[in-house]
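Q: Quick one: structure below, then a few questions.
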Amino acid sequence: MTASPFDHPFLSGLIGDDEIAPYFSAEADLRVMLSFEAALAKAEAAHGLIPAEAAKQIAETCTSFSPDLTSLRSATARDGVVVPDLVKQLRTAVGEEAAKSLHLGATSQDVIDTSLMIRLKAITFLFAGRLSTITAGLDALDRQFGGNRLMGHTRMQAAIPITVSNRLDAWRAPLITYRDRLTEQSFPVQFGGAAGTLDTLGAQGPAIRASLAQELGLTDVRQWQSGRLPIADIAGLFSSISGSLGKLGQDIALLAQASDEIEIAGGGASSAMAHKQNPVSAEVLISLARFNATALSGIHQSLVHEQERSGAAWTLEWLLLPQMTMATAASLRLAGELIGNIKRLGTI
């Protein structure tokens with residue numbers, strides 16, 4: 001077993017996600033970091049801080065530049081971040097004159113945090129689409145089976161009869177809320193310089209930050225390098241999404257246990273009992289919900305971000321947030337597949 005099951009050769013077939021995983025590749029991260037440097041140069045040139053020709057040279061180089069990954073790896077082991085060596089390599093590539101204007105007023109955290117926000121923005125757009133697909137699937141089940149009966153349960157005991165519509169409403173309502181929250185989610189640029197004060201840029205700092213945010217399609221806010229609410233907010237939303245999908249999975253697993261209230265196609269095989277069709281997708285939804293609930297506490301630990309920048313809290317985010325995102329992606333994928341595999345709900 002590899003360190004991460006999300007990209008394991010065969011476990012990734014269960015909890016991986018081929019659409020979302022590329023956003024966390026080194027190639028994607030570096031590509032967006034380079035777009036940050038190009039956008040920063042353009043913004044600073046627009047405000048007369050660097051020559052327009054230098055900004056043009058930086059932008060053209062960033063478009064085609066391929067860094068030495070072996071050098072980046074060894075430098076990151078030494079520096080703790082990839083950006084110093086990336087900028088060093090890029091300065092050589094842009095030439096001596098333009099190199100003076102590269103990365104002006106920025107620091108490593110600006111590049112890394114902004115890269116993350118750009119990629120998360122794209123991912124949440126995809127997540128919102130998946131939630132729409134899932135709710136549409138639940139709507140279809142409601143039209144087909146909504147009037148059927150289910151036995152309602154409270155505290156794991158049979159209570160009173162309910163309809164399939166009652167159960168579907170409980171599954172669907174939070175997902176609609178999450179979809180709306182994803183589309184409204186703010187993704188801020190991070191641009192604060194050495195200590196978050198934009199001191200190198202003087203009075204022009206806020207205006208350049210606004211231009212940079214506009215260029216990158218992000219929200220312009222004051223630096224958040226030591227106030228990690230944007231990270232905690234998105235992690236909390238991801239945990240809530242997987243949690244509600246875990247509730248759906250738990251309910252379906254319990255319905256499958258009773259066997260007469262649900263019929264599902266595509267159950268998992270048993271190596272010992274050929275007659276079984278295990279509710280694999282439903283079970284994994286529960287596991288992913290619990291995984292994200294556990295990881296979220298770590299993200300909240302990273303809110304304790306000492307003084308103007310924390311290497312320790314920052315690194316903790318790198319360990320947790322990508323895996324939380326992948327767990328959420330897998331939850332959405334599996335829930336969509338599971339809903340599509342339901343052939344009957346309730347009894348007439």
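Q: Please name which of Ile252, Pro5, Pro230 has its Cα lying farthest along the dipole of the chain towards the positive end, using unit charges on Cβ (Lys, Arg +1; Asp, Glu -1) and the Cα centre as origin.
A: Ile252
Q: Could you check which residue among His153, His103, His305 shows the biggest mean-square fluctuation in a GNM of the chain with a 10 Å Cα cutoff?
A: Comparing His153, His103, His305 in a Gaussian network model of the chain, the most mobile one is His153.
Q: Also, I was wondering about something else. As an exercise, find the ratio Rg/Rh for region 1-110 from alpha-carbon atoms, using the Kirkwood inverse-distance average for Rh. Walk me through the numbers on the way to the answer.
A: Values: Rg = 16.9 Å, Rh = 15.5 Å.
That ratio equals 1.09.
Q: Taking only Cα atoms, what is the 0 to 90° angle, nearest 10, from helix 52-64's long axis to the longest principal axis of the chain?
A: Approximately 40 degrees, to the nearest 10.
Q: Let's test the formula: R0 of 22 Å, r as the Cβ-Cβ distance of Asp7 and Glu184. What FRET efficiency results, to the nearest 0.05? Before the final figure, lay out each step's value.
A: On the way: r = 31 Å, r/R0 = 1.39.
The computed FRET efficiency comes out at 0.10.
Q: Still on this model: Roughly how big is region 20-104's charge dipole about its Cα centre, with Cβ charges of +1 (Lys, Arg) and -1 (Asp, Glu), in debye to the nearest 20? Display every interim value, and only then the final one.
A: On the way: 8 positive and 11 negative charges, 20 e Å.
Here the size comes out at about 100 debye.
Q: Related question: Could you tell me which residue out of Ala77, Phe145, Thr114 lies farthest along the dipole of the chain toward its positive end? Charges go on the beta carbon: Lys and Arg +1, Asp and Glu -1, centred on the Cα centre.
A: Phe145
Q: Report the paramagnetic label zone for Lys100: residues of region 56-90 whose backbone N is under 17 Å from a point 7 Å from Cα along the Cα-to-Cβ axis.
A: 56-58
Q: Could you point to the label whose value was computed as volume of the Cα convex hull per residue in Å³ for the structure here, given (1) 168; (2) 149; (3) 134?
A: So the structure-derived entry is (2).
Q: Just to check I understand the Karplus step: with θ = phi - 60° and J = 6.51 cos²θ - 1.76 cosθ + 1.60, what whole-Hz values come out for region 65-76, glycine and proline as x?
A: With coefficients 6.51, -1.76 and 1.60, one gets 5, 10, x, 7, 5, 5, 5, 4, 5, 5, 5, 5 Hz.
Q: Still on this structure: What are the lysines whose alpha-carbon lies under 20 Å from the alpha-carbon of Lys247, with same-chain residues fewer than 8 places away excluded?
A: Once the sequence-local lysines are set aside, what remains near Lys247 is Lys343.
Read the figures in this text as sums done on the coordinates, not as results from a lab. What you see is a predicted model; the values in this text were computed from it and never measured. Here Cβ is always computed from backbone atoms with ideal geometry, including for glycine, and neighbour counts include all displayed protein chains.
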